[in-house]
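K.L.:
One structure follows; several queries about it will come next.
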Amino acid sequence: MLHRPLILILLSTIGGIFWNHHLSLDIHIATPVLGAGITLLIIAHVKSSGRIEYISLALLFFAVGTFMSLPKKPDPFLHSLLVQQKRVVFEGTLLEPVHLQKGIGRLSVMVQRVMVESCPRSVNWKVRVTVYDNVPSLRPGEKVRFASIPRGFHNFSNPGCYDYETAMKLKGFVLAASVSDGRRIVPMGKGVLPWPRAMVEWIRRPIRQFLRNTLSDQDMALFSALVLGERHLITQDMQEAFSRTGLSHILAVSGLHIGLVAWFSFFIIRGLLSLSYHLNLYTDIRKVTALLTCIPIVAYVSLSGYQISATRAMIMAFAFLWSLILGREKEIWSTLCLSALVILSIQPEAMFQISFQLSFTAVVGLVWLCPPVMRKVSAWLEERLRDAPQTVKTSCLYLVSLLLITAVATFFLLPLTTYYFHRISLVSLPANLVAVPILGLCVIPSGLLSALLCLMWPDLARAALFLGTGGMHAIMWIVRVLGQIPHASIWVPTPNTLEMGMFYGAILCMTFMWKSPLARVGLLALCVAFAADAAYWINRVHFNKELRVSFLNVGQGNCALIEFPMGKKMIIDGGGFYRDQFDVGKMVVAPFLWSQKISKIDYMVLTHPQADHMNGLRFIAKVFNPEAFWYNGDWVSEPSFLDLMDIITNKNIPIVIPASKGNGYIISGVSVNMMHLVSEDFPSPQADTLNNRSLLVKLRYGPYSILFPGDIEKGAEKILAQNEKHGLRSDLLLSPHHGSRSSSSEIFLQAVKPRICVISCRGRGRFGFPHTETLNRLSKLGCRVFRTDQHGMVRCTIKGNLLEIGTFSSGFRPIYRLTFPN
C-alpha cells in the first residue's frame, strides 16, 4: 500500500464519507473545523517524512472525504412548503418519457417555477410526480403545469428496508407530488431542458420514434433500455424473468455495457488502423486506438442520457484507457483507485449507490482473483493441448477465461447481491456465459449502428436492427428456458455488514495463507466468528425463549410478525395499497423477515380481505411456505384476493376459518384465541361490513395479553364490549382501523383497558389517520401510544413477568416496560 499511495488515499476518503454519513455532522460547525484541520494536515504532510508522512496523508484525505460529503445547506423555502402541506402550482419541463405501470404514471419534472397563493417564485427542483388516472401522453421537453401538495420521501422504517429516501436523493429528486387525474396536468408547449439534456433529447427523439415504428412492444422495451437507457417500458414480468436467471444487470446501461462497447470498439479500431503501414511504422497503434476508443464510449453514454451508472462506468473506462496511453497499464490498482476518487469527488453519495458498489466490487474481484487463477489455468491448458492446432488452443482459452470471469464476478459479488436483492440465481453462470457474448458481439453493436444510420439510411438501420433482434430473441429464449428450471432462483436471508466483512476477510486470508502465518491465524479466527454468528442466529430464530411481536411500518395498513417461543412464526395481515402498484409483501415485509434470518412462516392470518391488509400476503404465501392460512371466511371479487387464494390453493396450504364464537389454540405455550362477528350478529345491515367482520386475534403469554382487532368499527366494538365472555381485556392493543375516529369507541376502550396502544398508520395520508378524537380517548385512559409513522417498527417482547417495548427509531432499546403485578 505504501508504494501505491492512491490506495491509501481512496480508503481514507471512503472512511471520511462513511464517518460523516453515520454521524450527520452539522454543516455550519463542521465546515470551519474541517477547513482548519485540512490546512494543518497539509502542513504536517509537507514537513513530515517516513511513516508519519503516510499517517498525515491518511488523516488528510479522511478529513477531505468528510468535508466532501457534508450535506448541502437546506432550502428554507422548500422546507416551508413541506411543513405547511398547502396546495402549490408547479411549472416545469418533463425530463424523461412517462413511466406507466398498472395504469399509474410516474413523471420526472424539472420544476422552474412554483406559485404559492398566486405568488410566483423561480426554483430549480427535480420533482417526482405520480399520476393515478388518465395519464397524459407527454414527451420529454414539454412544459407542463399542475397543482399538488408537495411531500417528502419517507422510508418504511423497518430493519432490512430499502433506503428509498437516499435512492431518491441520489437521483436528484427533492420532493414528490401526486395528481389524482392526469387531465389536470396542463401542457404548455416547449419547455427548457438543462444542458446537455436538450442536445441529447434532440438526438434521441428520432431514434426513439424509429425503434417504435420498427420493433414489437417487447423488442422496443429491451432496445430502449439497452440503447437509450430508458427502462420505463420494461414490465414487472420481464424484470422478474431476467432477475430469476441472474441477467437483470443487462437491462440497465452500466459498467458491463460500457466495457463491452469499449472492448468491441478497441478491437475494430485497432484492426482498421493496423491496415495502414505508415501508422504502424510511426505511431504506437495501441495508444492511438485507446484514444479513439473514447469517442464511441462518449457517444454511447450521451445516447443513453448520461445515466448515473453509465457516466460512472465511462470515468472508469477513461481511467484504464488513459493508463494505456500513458504507458501505465500495469498499474491497474492505482488506475482503479483514481477512477473511484474522481467519481467520489464529483458525487460523494455515490458510495451508497448499489450500482457503484457492484461495479467497483466486481472489478476488484476480477483484478484480484483472476490473474493468479488464469496463469495456472493457462499453464494447465498449454500442457494438455500441446499438440493441438492454435485455433483450438485460442478457442479453449477464450471459453475458459469467459467462464472464469463470470464465475469470479458472481462469487465475489455474492454478499452484495444477496444483501440488496435477497436472491441467488442458480442458473446465473450458464445464463451469463451465453448471454453476455451475444449482447456484446451482436445486440449492442447492432442497436448502436441502427441508431447511427436511422436518419440517413433507414433501410440499412432496419437491417442492422434485424440482426440485433435475432440476438435479443436468443437471449430471451435463454431466459425462458433457464427460468423454467425448478428452483432456478432461490430467496435467501440477508447478510448483515459484519457477515459481509467476514466473507471478504476470509478471501483475503485465503489469498495470503501460504505466505503469511498471520493470514492463517486470521482465517481460523474468521471461521470461529462464522460459527459463532451461525449459532447466534439459529438460537435466536429457532430456540428463542421469549414471545416477540413486531408491528411493521407498512404505511396505511397492518402487518405484525409473532415469533413464538422455540421458533414458530405467525404473520397477521401483510399490508398493501389499494391500487396495488407496489408489492408491500415483496418490498417491505419479506426484506424484514430475511434480515431476521427468517425463511419460513408457519401461520398466515388475514383479519379481513381488504387491500391494506391482504395484498402483501401474496408474496409471503408464495415464498415463505406457510403451513396454515387463517381468515374469517369472507369472499370478495377483488383481483388481489383471488390471486392470493389461487396461490394458497396451488401450494396446498390448509385453510382454517375459526368459528365465529371463537377458537382457542396453544402454540409453544402461548394462548391464541380467534373470533369474528357474522351477519347475524348485527342489528342493522349498515353495520354488517367487511371491517366489522374482521377476525380478532388475542395472544396471552404469562400475565400479558395482546389484542389484534383488525378494522372493526363502533358497531362491532359495541357488540363485542357488551358480551363480556369474549374477554377483550388486554395490556397491548393494536388500534382498530389505524386510529380512525370511527373506531376505538369509549365502550370498547373501557372493555379492553389497554396500557399500551400501537397505531399502524401512514401519517398525513388522505384519511388523516390517526384522528385526534382517537388520540384524545387513549390519552384519557393514560395509555402509552406508539405510532409506526413516527416511531417506525414497534417491537414488543414478553419474557416472564417483564414486557418491553422498543422501536426502530430507538434502535430497539427498551423505552417502555411493564412488570407484573404492577
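K.L.:
With a ≥ b ≥ c the root eigenvalues of the C-alpha gyration tensor of the stretch 477-567, is it rounded (a/c under 1.5), prolate (a/b larger than b/c) or oblate?
P.N.:
Oblate.
K.L.:
Roughly speaking, what is the centre-to-centre gap between the stretch 744-804 and the stretch 605-657 when only Cα atoms are used, to the nearest Å?
P.N.:
Answer, in whole Å: 27.
K.L.:
Something else now. Using only Cα atoms, find the angle between the long axis of helix 308-325 and the longest principal axis of the chain, and express it within 0 to 90 degrees, rounded to the nearest 10.
P.N.:
Taking the Cα atoms of the chain, the angle to 308-325 is about 20 degrees.
K.L.:
Separate question: List every residue whose amide H lies under 5 Å from the amide H of Val492, counting only residues 5 or more places away in sequence or on a different chain, with H placed 1.01 Å from N in the peptide plane.
P.N.:
Correct list: Arg423, Ile424.
K.L.:
Shifting gears a bit: Quick check on the stretch 193-271: take the gyration tensor over C-alpha atoms, sort the square-rooted eigenvalues as a ≥ b ≥ c, and tell me if it's rounded (a/c under 1.5), prolate or oblate.
P.N.:
oblate
K.L.:
Continuing with this model, one more query. Can you give the calculated 222 nm mean residue ellipticity of the chain, where each DSSP H run of n ≥ 4 adds -39,500 (n - 2.57) and the sum is split over every residue, rounded to the nearest 500 deg cm²/dmol?
P.N.:
It comes out at -15500 deg cm²/dmol, rounded to the nearest 500.
K.L.:
Same structure again: How many angstrom separate the Cα center of the stretch 263-341 from the Cα center of the stretch 129-179?
P.N.:
With the stretch 263-341 and the stretch 129-179 each reduced to a Cα centre, they are spaced 37 Å.
K.L.:
Just to check I understand the Karplus step: with θ = phi - 60° and J = 6.51 cos²θ - 1.76 cosθ + 1.60, what whole-Hz values come out for the stretch 488-493, glycine and proline as x?
P.N.:
Ordered by residue, 3J(HN,Hα) equals 4, 9, 10, 8, 10, x Hz.
K.L.:
May I ask you to evaluate 6.51 cos²θ - 1.76 cosθ + 1.60, the Karplus curve with θ = phi - 60°, for each residue of the stretch 11-20 and list the ³J(HN,Hα) values in order in whole Hz, giving x for glycine and proline?
P.N.:
Values, residue by residue: 4, 5, 5, 4, x, x, 5, 5, 4, 5 Hz.
K.L.:
Rounded to the nearest percent, how much of the accessible area of the stretch 639-797 (1.4 Å probe, protein heavy atoms only) is carbon and sulfur?
P.N.:
Here carbon and sulfur together make up 48 percent of the probe-accessible area.
K.L.:
With θ taken as phi - 60° and the coefficients 6.51, -1.76 and 1.60, list the Karplus ³J(HN,Hα) couplings across the stretch 431-443 in order, rounded to whole Hz; mark glycine and proline as x.
P.N.:
5, 5, 4, 9, 6, 5, x, 4, 4, x, 8, 10, 5
K.L.:
Calculate the dipole size of the chain relative to its Cα centre from +1 charges on Lys and Arg beta carbons and -1 charges on Asp and Glu beta carbons; express the result in debye to the nearest 20.
P.N.:
Taking the Cα centre of the chain as origin, the dipole is about 1160 debye.
K.L.:
Could you provide, to the nearest whole Å², the per residue accessible area of the stretch 373-456 with probe 1.4 Å?
P.N.:
Per residue, the stretch 373-456 has an accessible area of 54 Å².
K.L.:
OK, next. Considering only Cα-Cα distances, which of the following residue pairs are longer than 20 Å: Lys568/Lys698; Lys73/Lys169; Lys661/Lys780?
P.N.:
Over 20 Å Cα-Cα: Lys661/Lys780.
K.L.:
May I pose another question? Can you give me the Cα centroid spacing of the stretch 517-576 and the stretch 386-433 in angstrom?
P.N.:
Value for the Cα centre distance between the two parts: 33 Å.
K.L.:
Sort 91-98, 213-220, 514-521, 502-509 for me by packing, meaning the mean count of neighbouring Cβ atoms within 10 Å per residue, highest on top.
P.N.:
Result, highest mean first: 91-98, 502-509, 213-220, 514-521.
K.L.:
Something else about it: Using modelled amide H (1.01 Å from N, peptide plane; none on Pro or chain starts), what sits under 5 Å from the amide H of Glu142, excluding residues fewer than 5 places away?
P.N.:
So Glu142 has HN proximity to Leu94, Gly191.
K.L.:
Now for a separate question. Can you give the angle from 0 to 90° between the axis of helix 497-512 and the longest principal axis of the chain, with both taken from C-alpha atoms, to the nearest 10?
P.N.:
30
K.L.:
With the other protein chains left in place, how much accessible area per residue, in square angstrom, belongs to the stretch 254-369 at a 1.4 angstrom probe?
P.N.:
In whole numbers, the stretch 254-369 has 46 Å² accessible per residue.
K.L.:
Also, I was wondering about something else. Taking the Cα centre as origin and putting +1 on Lys and Arg beta-carbons and -1 on Asp and Glu beta-carbons, what dipole magnitude results for the stretch 160-303, to the nearest 20 debye?
P.N.:
440
K.L.:
In addition: List the residues whose amide H sits under 5 Å from the amide H of Ile759, counting only those 5 or more places along or on another chain, with H placed 1.01 Å from N in the peptide plane.
P.N.:
Answer set, sorted by chain and number: Ser735, Phe786, Arg787, Thr788.
K.L.:
So how tilted is helix 390-412 from the main axis of the chain? Cα-based, degrees 0 to 90, rounded to 10.
P.N.:
30
The values are calculated or read from the model by the stated rules, or taken from the named source; none is laboratory data. From a predicted model like this one, the values you see are computed outputs, not experimental measurements. Every residue, glycine among them, receives a Cβ derived from its backbone with ideal geometry; neighbour counts consider all protein chains shown. Each accessible area value is taken on the protein alone, full model and side chains, heavy atoms only, with ligands, DNA and RNA left out. Shrake-Rupley method; radii C 1.70, N 1.55, O 1.52, S 1.80 Å.
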